[in-house]
Each structure stands twice: as C-alpha cells, then as structure tokens.
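Reviewing the structure listed below.
The values are calculated or read from the model by the stated rules, or taken from the named source; none is laboratory data. As the structure is a prediction and not an experimental result, all values here were calculated from the model. All Cβ positions, even for glycine, are placed from backbone atoms using ideal geometry, and neighbour counts span all protein chains on display.
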Amino acid sequence: MSQTSPSQAWARTEVSADGAVLLTIGGAWKSGSALPEVAFRADRVAVRTEGLEDFDSCLPAWLHAHLRSIRSPDLSSLPLRLQSLVRMAETVAVTETANAEAGLLENLGAWGAESGSSWGRALEHIGHTALGFLRAGLGRARVNWNELPLQMQTAGVDALPIVALLGFLTGLIMAYVGLIQLKQVGATVYVANLVALAMAREMGALMTGVIACGRTSTAFASQLGSMNLSQESDALRALGINPVEFLALPRILAVSLMVPLLSVFATFVGVLGGMVVACSGDLSVDQYVTQAVKAVSWKSFVAGFIKSVVFGFIAAWAGCYRGHVARRSALGVGEAATSAAVLGITLIVIADAVFAVIFNLYDI
Amino acid sequence: MGHGGKAIMSGITFALKPGRILAVVGPSGCGKSTLMRALSGLDDPVSGSSRLLGRDLTSVSTEEREQALRRLGFLFQGSALFSSLTLRENVELPIREFLSPPRREQRQLAEYKLSLVGLADAMDKLPSEISGGMAKRAALARALALDPEVLFLDEPGAGLDPLTAARMDELILRVREAFGTTIVMVSHEVPSILRTADFCVYLDTETGRMEAYAPPRDFLSLGAHPRAYAFFQQNHRN
C-alpha cells in the first residue's frame with residue numbers, strides 16, 4: 001500500500017479471505033505527477049474509488065497496465081466514465097493483427113530469405129538494366145535522354161574540384177611514402193615510376209569510383225527513393241514506361257562516361273602532386289616527367305581506363321538499384337542513400353580484386 | 001479565410017459546444033482543410049478571428065499559441081507518423097516532451113493510447129510496416145496522447161475501404177464518448193458524416209461562403225440548403 005497526502009494519487013490493496021484482491025484508488029491522478037506503486041497476484045480483482053478527485057489519462061493507463069493480466073476485473077464500483085476509459089482499451093478489436101513475435105530460428109530463416117530475395121532483386125535489376133541498354137540500342141526503350149547532359153554535368157564537371165583535391169593529395173602522399181623507402185636504396189628517381197604507375201593503373205580509377213559512390217550513388221538513391229515515395233515511379237509504370245529504362249539508363253550512362261574521364265584527370269593531377277614532393281628534393285622536373293612517362297605503358301593506362309568504366313557503372317547502378325527498391329518512407333530514402341554508398345564501394349573493391357587476378361593471368 | 005494571403009472563403013461563423021462532433025463538408029478545393037487549419041490556429045485567417053477554448057488565436061503570442069495547440073489533437077490526412085519511430089515512440093513523443101513523466105508511466109500511457117485504437121500488438125512496428133488503416137489509428141492514438149480538449153481530424157476515412165472507414169467512425173464516436181472530446185472533422189464521405197457528426201458546416205465553392213450549419217440529416221431533404229442537399233445526394237449515391 002502507498003498513501004501520501006489526500007491530493008496525491010494513491011492506491012491500496014487488500015486481500016479478502018477467499019483470495020480476491022480489492023484495489024482502492026483515490027486522490028488526484030495527473031500525468032507527470034508521482035503515481036503509486038502496487039503489486040498483487042490474484043485471479044479476481046475488484047477496483048473501487050475512495051476520495052477520487054480529478055484524473056486524466058494516466059489513471060486508466062495505470063489501471064490498464066495493472067489489470068492487463070486479470071481475466072475480468074470487477075470495475076462496477078468505478079465512476080462510469082472511468083469504467084468506459086478502461087474497458088475501451090480492452091475491447092477495441094484488433095482487426096489487422098500484427099505478426100506474432102518470431103523466434104531465433106524464424107528470424108534466421110527470415111534473414112536468409114530476405115538476403116536471398118535481396119540478391120535476387122539486385123540480379124533482376126542488373127538484368128533490367130542490361131536489357132534496357134539493349135532495347136535503347138535498338139531504339140525501342142523509352143529513355144529520358146534529356147537527363148543525360150544534366151547528369152553528365154552533375155556526375156562529371158561538378159566533381160572536378162573534389163577529384164582534383166583528392167587526386168593531388170593522393171599523389172603527394174604516395175610520393176612522400178615512396179621517397180622514404182627509396183632513399184634507403186638510393187633510388188629516389190623511381191618515385192616518379194611509383195606515383196605514375198599507381199595512379200594510372202590503380203588509384204586514379206579506384207579513388208574516382210569511391211568518390212562517385214559517395215556523391216553520385218547517394219544522390220541517385222535519394223532521387224529515385226523520393227520518386228518511389230511520391231509514387232512517381234508508379235505513375236511511370238501506369239503510363240507503360242519502365243522506370244529502370246526511363247530513369248536509370250541516362251544516369252548509368254552519364255556516370256559510366258564521366259568516371260573514366262575523371263579518372264584520367266585524377267591520374268594527371270596525382271602525378272602532379274607527386275612531382276611537387278619529388279622535385280622539392282633531388283629530382284628535376286625533366287627527370288620526373290621522363291621517368292613517369294616511361295613507367296606508364298599503354299597497357300597499364302588502358303587497364304586503368306577499363307577499370308574506371310566498370311567502377312563508374314557500378315557506382316551509378318548501386319545508386320539506381322537502391323533507389324528503386326527503397327522503402328516508401330523518409331527513413332527508407334535515407335537507408336537507400338547509405339546502402340547505395342556501401343554497396344557501391346564494396347562492389348568496386350571486389351571488382352578491383354577480380355581485375356587484379358585477371359590482369360595478372362593475362363600479364364597486362 | 002484563405003491560402004497564401006489570398007481569401008478563398010468568407011462569411012464563416014459558427015459556434016460549437018464542447019463534446020460535439022462537427023463535420024466540415026464541401027467539394028474538393030472548397031477550403032475545408034484550410035478552414036480546419038485556421039480554426040485550430042495552425043494558420044491565421046486572412047481576416048477575422050478564430051476563438052478556440054475561450055482564446056482568440058489570431059491575437060496571441062507564439063508561446064501562447066503553442067500552449068493552446070498542446071490542448072488540441074490533430075489527425076492529418078496522410079497520418080503524418082514519424083517514419084523513423086515505432087508506433088509506441090510516435091505516441092510517446094508528445095507525452096515525453098510535454099508531460100515528462102517517469103519512463104514507466106510514459107510507456108504505460110503510450111501503450112494505453114495504442115490499446116484504445118486496437119494497436120496493442122503492433123506497438124513496435126514502424127509506420128512503413130503497417131497498413132493505411134492502422135496508420136490512421138496510430139495517428140489517432142498520437143493525437144489523443146495529451147488528452148486534447150478538441151480533436152481535429154482531416155479526412156479520417158480518406159484512403160480507407162468502407163469497412164475500415166466504418167471502424168474508424170466507430171472509434172471516433174467511442175473517443176468522444178469516453179473522453180468527452182470536441183471533434184472537428186473535415187470530410188466529404190457522406191456515410192461517415194451521417195454516422196458521426198452532430199452538426200455540419202457546408203462550404204460552397206461557387207459562392208465562396210459557408211452555406212449551411214445544421215445537423216447532417218437536414219441535408220438529406222431539399223430544404224433551405226439546395227447546394228448542400230445536391231452535394232449530399234451526389235456523394236450518398238456514390
């Protein structure tokens with residue numbers, strides 16, 4: 001039992017000889033004020049009031065919480081309005097019942113099925129994209145080509161400053177690290193080979209691909225996810241237009257065209273960054289340029305270029321795919337943007353590893 | 001009364017007693033939702049005033065207006081549940097912000113309000129995981145979170161099938177009965193209006209004025225309100 005002053009909410013329990021509990025409540029029950037604590041175990045509970053003053057929802061909520069496990073509490077002594085408020089919470093039928101709480105095994109199964117269907121959806125989207133390009137090539141697809149210049153500008157031209165900054169710093173960092181090691185064997189001149197080859201063959205494409213994931217994939221996922229949310233994608237379907245063809249193809253094409261160009265740009269800027277470091281030491285500009293040009297064969301340059309086309313495609317596709325399958329809520333759009341970046345970067349690194357194996361096998 | 005500073009309705013005058021349900025009726029675009037926003041103090045009328053709970057909401061400070069808004073509950077047409085929060089968290093939000101009870105009581109109140117609307121088993125679901133009907137009921141639970149004195153419902157039956165809409169009407173009546181809440185409801189669903197409303201305001205797009213203020217049954221016969229009668233006949237048949 002807990003009882004303080006008359007104006008405060010209080011509750012008292014008494015157990016009768018036959019095991020029934022009599023719960024008496026009184027005082028003023030207001031949300032935000034201290035509510036009493038009672039604990040009882042019984043099959044039969046009768047509730048009555050004694051000096052009950054004003055009350056708001058906190059009283060029926062308190063009674064609802066305490067009487068939930070009792071099959072049919074006796075509320076007949078309560079004021080009619082309070083009875084009605086308590087009973088209402090018990091009697092409103094749940095017409096669209098939610099699924100019962102799932103067990104561990106069920107959750108594991110659901111996760112497996114969801115993962116499977118997620119990969120299935122991804123493959124389906126790749127299929128739609130490939131088919132879309134094929135149909136576009138044959139002039140049968142409805143594609144919003146008006147978007148292409150805008151997307152090329154957004155994914156390409158607008159990305160130039162960030163690509164320049166990161167490319168320059170990457171070349172600079174590689175040159176610093178390389179110089180420390182090469183000085184030990186007296187081969188500082190090879191720092192140009194290191195920077196030029198690494199940028200042309202590996203870092204230019206990889207870095208530009210990652211930048212594309214960070215800024216373009218997420219933008220695509222947000223745009224297409226929002227279109228899902230506002231049913232614009234449904235409207236396209238209703239008009240007989242395939243949203244993948246209409247929306248994704250120009251975006252994917254734009255990024256696949258622009259990332260290789262950005263990658264070449266990043267390579268040159270990276271080599272320049274390396275030059276700043278190398279030429280501040282023993283090397284002359286002539287020596288650095290001669291070594292850099294000698295180091296990068298056409299094969300290496302083309303290898304880097306091919307990679308960047310694929311990385312651009314992956315970055316754009318990841319954004320479009322996650323946008324198309326985004327849940328129809330503000331949260332879903334946010335998730336789509338995050339997962340687009342994660343998916344894009346993961347696939348780019350995997351693709352890079354695959355390229356490394358293939359190029360090694362074919363001695364490229 | 002208007003939108004974006006432009007008057008679209010004028011001559012709207014009525015009074016509503018506590019505990020009554022008022023339906024604001026009229027064709028699409030007649031300004032029903034705008035009237036509700038003006039009545040509730042969410043928007044200001046272009047001219048005139050709106051007295052609610054004894055206060056002229058057009059002439060109070062922002063702080064006073066916010067305090068007045070806390071005594072009101074809103075059910076928006078699109079439910080407007082916060083998509084990143086579960087249903088329980090959606091209902092808990094105003095309770096936590098304005099009542100600040102201990103955590104346990106906060107949960108009790110939220111669970112009780114969700115039980116009232118029959119969502120006791122779906123409290124931990126996100127809005128994206130439930131149906132439109134459930135979202136409406138969850139939004140109603142959130143609107144009831146602070147025991148509002150006046151509840152504003154914008155198209156409570158919109159997008160619901162007739163059966164679910166009828167259940168929603170039943171719920172509205174139960175809420176009025178249990179809490180004694182005054183309810184202002186915007187709707188163009190005539191069956192729903194006939195089931196729930198005590199009084200009806202008919203807004204006419206052609207005249208730009210309030211044509212009638214009467215019990216909804218009055219609009220079922222050709223009397224003093226021919227436009228409202230025509231609207232009711234048309235929508236009742238559909």
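Taking (1) facing chain B (nearest Cβ under 7 Å); (2) modelled with pLDDT of 85 or more; (3) part of a loop (DSSP other than H, G, I, E, B) in turn, residue A:85 satisfies each apart from (3). With the condition kept exactly as written, say whether any residue in region B:72-79 is within 14 Å of chain A (Cβ to nearest Cβ), among the aromatic types (Phe, Trp, Tyr) and within 20 Å of residue B:154 (Cβ to Cβ). Checked against the condition, which is being within 14 Å of chain A (Cβ to nearest Cβ), among the aromatic types (Phe, Trp, Tyr) and within 20 Å of residue B:154 (Cβ to Cβ), region B:72-79 yields no hits at all.
Residue-by-condition table, conditions (1) within 18 Å of residue A:89 (Cβ to Cβ); (2) within 19 Å of the chain's Cα centre (by Cα):
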position	(1), (2)
B:82	no, yes
B:85	no, no
B:105	yes, no
B:115	yes, no
B:124	yes, no
B:141	yes, yes
B:145	yes, yes
B:151	yes, yes
B:154	no, yes
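Against the numbered list (1) on the phi > 0 side of the Ramachandran plot; (2) surrounded by fewer than 21 Cβ atoms within 10 Å (Cβ to Cβ); (3) not aromatic (Phe, Trp, Tyr), residue B:47 comes up short only at (1). Close Cβ contacts (under 8 Å, 6 or more residues apart or on different chains) running from residues in region A:62-82 that are without any contact (Cβ under 8 Å) to a residue 12 or more places away in the chain to residues that are part of a loop (DSSP other than H, G, I, E, B) comprise A:81/B:180. Could you check region B:133-146 and list, in sequence order, the residues that are of a type in the set (A, V, I, L, M) and at the interface with chain A (Cβ under 7 Å from one of its Cβ atoms)? Within region B:133-146, B:134 is the sole residue that qualifies.
Counting only strands (runs of 3 or more DSSP E) that fall entirely inside region B:147-211 and contain at least 2 residues that are free of Cβ contacts under 8 Å to residues at least 24 places away in the same chain and in the same structural domain as residue B:36 (by TED's automatic domain parsing), no element qualifies. In region B:148-187, the residue that is surrounded by the fewest Cβ atoms within 10 Å (Cβ to Cβ) out of those that are at the interface with chain A (Cβ under 10 Å from one of its Cβ atoms) and over 21 Å from residue A:57 (Cβ atoms) is B:163. Per the listing A:318, A:303, A:341, A:278, the residue uniquely of a type outside the set (Asp, Glu), over 35 Å from the mean Cα position of the chain (by Cα) and at negative phi is A:278. Residue B:130 satisfies every condition listed in (1) modelled with pLDDT of 85 or more; (2) within 7 Å of chain A (Cβ to nearest Cβ) except (2). Among the residues of region B:50-88, those identified as surrounded by fewer than 16 Cβ atoms within 10 Å (Cβ to Cβ) and assigned to a helix (DSSP H, G or I) are B:62, B:63, B:64, B:66, B:67.
When B:23, B:110 are checked against the criterion of being closer than 28 Å to residue B:193 by Cα and not in a loop (DSSP other than H, G, I, E, B), a single residue qualifies: B:23. Take residue A:192 and tell me if it is touching a residue at least 40 places away in the same chain (Cβ under 8 Å) and under 27 Å from the mean Cα position of the chain (by Cα). No: the conditions fail for residue A:192. Out of A:50, A:37, one residue alone is outside any strand (DSSP E or B) and of a type outside the set (A, V, I, L, M). It is A:37. Residues in region A:31-55 that are facing chain B (nearest Cβ under 9 Å) and either crowded, with 18+ Cβ neighbours inside 10 Å or at pLDDT 90 or above (or both): A:31, A:35.
Yes/no matrix, rows are residues, columns are (1) closer than 24 Å to residue A:352 by Cα; (2) loosely packed, with under 11 Cβ neighbours inside 10 Å:
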site	(1), (2)
A:104	no, yes
A:134	no, no
A:141	no, no
A:144	no, no
A:166	yes, no
A:187	no, no
A:194	yes, no
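Evaluating residue B:224 against the criteria (1) of a type in the set (A, V, I, L, M, F, W, C); (2) under 20 Å from residue B:13 (Cβ atoms); (3) surrounded by 15 or more Cβ atoms within 10 Å (Cβ to Cβ) leaves one unmet condition, (3). Screening residue A:114 against (1) without any contact (Cβ under 8 Å) to a residue 24 or more places away in the chain; (2) assigned to a helix (DSSP H, G or I); (3) away from chain B (no Cβ under 14 Å) leaves a single unmet condition, (3). Counting only helices (runs of 4 or more DSSP H) that sit wholly inside region A:247-364, not one has at least 3 residues that are among the β-branched types (Val, Ile, Thr) and within 14 Å of chain B (Cβ to nearest Cβ).
Cβ separations smaller than 6 Å between residues 6+ apart or across chains give the following pairs from region B:89-110 residues that are within 11 Å of chain A (Cβ to nearest Cβ) to residues that are among the β-branched types (Val, Ile, Thr): B:106/B:95; B:109/B:95; B:110/B:91.
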